[in-house]
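The values are calculated or read from the model by the stated rules, or taken from the named source; none is laboratory data. Just so you know, these numbers come straight off a predicted model, no measurement behind them. Using ideal geometry, Cβ is built from the backbone for each residue, glycine included, and neighbour counts are taken over all protein chains shown.
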Amino acid sequence: MSAALTPTPPEPPASPGPSRYTRWVDLWELILFFTIAAGLYIVVPFTATFVLFFLRRPQFPAVPAPELLRRIAEQAPQDVFFLVPVQLILNALLILLLVLFVRGRGRRLSATLAWQPLPAKWLLAAVVAGLLFAPAIQLLSGLIPPPERLLFDRLFTSKTAVWLILGMAVLIAPVVEELLFRGYIYALLERIGGTRLAVLLSGLLFGSIHFYQLSPGYFQMVLICVVGIVFSAVRARSGTVVAAIAVHFGYNLALSLFYLVSPHFRSLPP
């Protein structure tokens with residue numbers, strides 16, 4: 001009887017959200033991260049172009065150095081065997097930068113990036129969702145086709161080039177891009193302005209890094225932003241970046257399979 005009359009202890013107060021000072025620090029961290037990342041996107045290809053110039057210089061002694069450098073600078077952005085190694089170096093440097101920023105503020109990587117394991121059935125469901133999402137986006141893309149071939153499509157000059165590009169797209173891009181956009185950047189944006197802002201902005205930022213590849217397909221640029229927002233929504237809904245990686249993997253895998261069974265791929269030289 002006495003136990004029934006014992007007053008219920010009050011619930012503990014909800015933990016306060018990030019302070020205004022913390023949000024400003026996060027904002028400046030995000031700006032600094034993007035500034036350094038943009039610098040890497042300029043410095044790494046520029047350095048690789050000069051390395052390629054010095055390697056090829058002995059093969060073309062009769063060509064003036066400025067002319068040879070100009071030719072290499074024009075051809076390199078369309079050469080898969082140049083772009084793939086450069087992108088691998090960029091990916092490694094961006095992940096290293098991410099680690100330095102997270103550890104620099106004394107945070108745990110797994111907690112900051114929301115790296116939480118998924119049960120096998122949910123992991124498979126996320127991959128299947130990505131596989132089904134890709135054809136829907138492809139159908140929408142066909143409603144307003146680009147005025148000419150996309151810059152990305154022009155890289156498919158041989159079967160070897162295709163395998164390199166698709167290998168990057170399926171095995172590396174989902175992990176690296178999701179850790180960056182749905183892991184680190186999403187976490188900063190969520191602390192700055194909440195979940196809705198994080199979903200929207202991380203998705204738009206993800207889409208924007210693909211704009212150059214999709215030029216001049218402006219409708220395709222809009223669609224890749226939609227794709228990015230959906231990936232971010234998966235991260236928000238599931239609470240783990242692993243789900244976003246799985247959906248992204250399924251999405252890229254489906255697009256790759258579509259291309260591998262296309263007549264264009266079969267017509268390419270080895």
Just for segment 56-79: of the residues that are among the aliphatic types (A, V, I, L, M) and more than 31 Å from the chain's Cα centre (by Cα), which one is surrounded by the most Cβ atoms within 10 Å (Cβ to Cβ)?
Leu68
I'd like the full set of residues that are among the small types (Gly, Ala, Ser) and either at pLDDT below 95 or surrounded by 15 or more Cβ atoms within 10 Å (Cβ to Cβ) (or both), limited to segment 39-55.
Ala48
Within segment 186-233, can you find the residues that are under 15 Å from His248 (Cα atoms) and not in a helix (DSSP H, G or I)?
His210
Go through Leu140, Leu155, Leu124 for me and flag whichever is surrounded by 16 or more Cβ atoms within 10 Å (Cβ to Cβ) and either touching a residue at least 60 places away in the same chain (Cβ under 8 Å) or more than 28 Å from Tyr218 (Cα to Cα) (or both).
Leu155
Regarding segment 249-259, can at least one residue be identified that is buried (at least 18 other Cβ atoms within 10 Å of the Cβ), among the aliphatic types (A, V, I, L, M) and over 17 Å from Leu155 (Cα atoms)?
yes
Matching residues in segment 87-112 (crowded, with 17+ Cβ neighbours inside 10 Å and closer than 12 Å to Met168 by Cα) number 2
What number goes with the only condition from (1) modelled with pLDDT of 95 or more; (2) touching a Leu at 6+ places or on another chain (Cβ under 7 Å) that Ala236 does not pass?
(2)
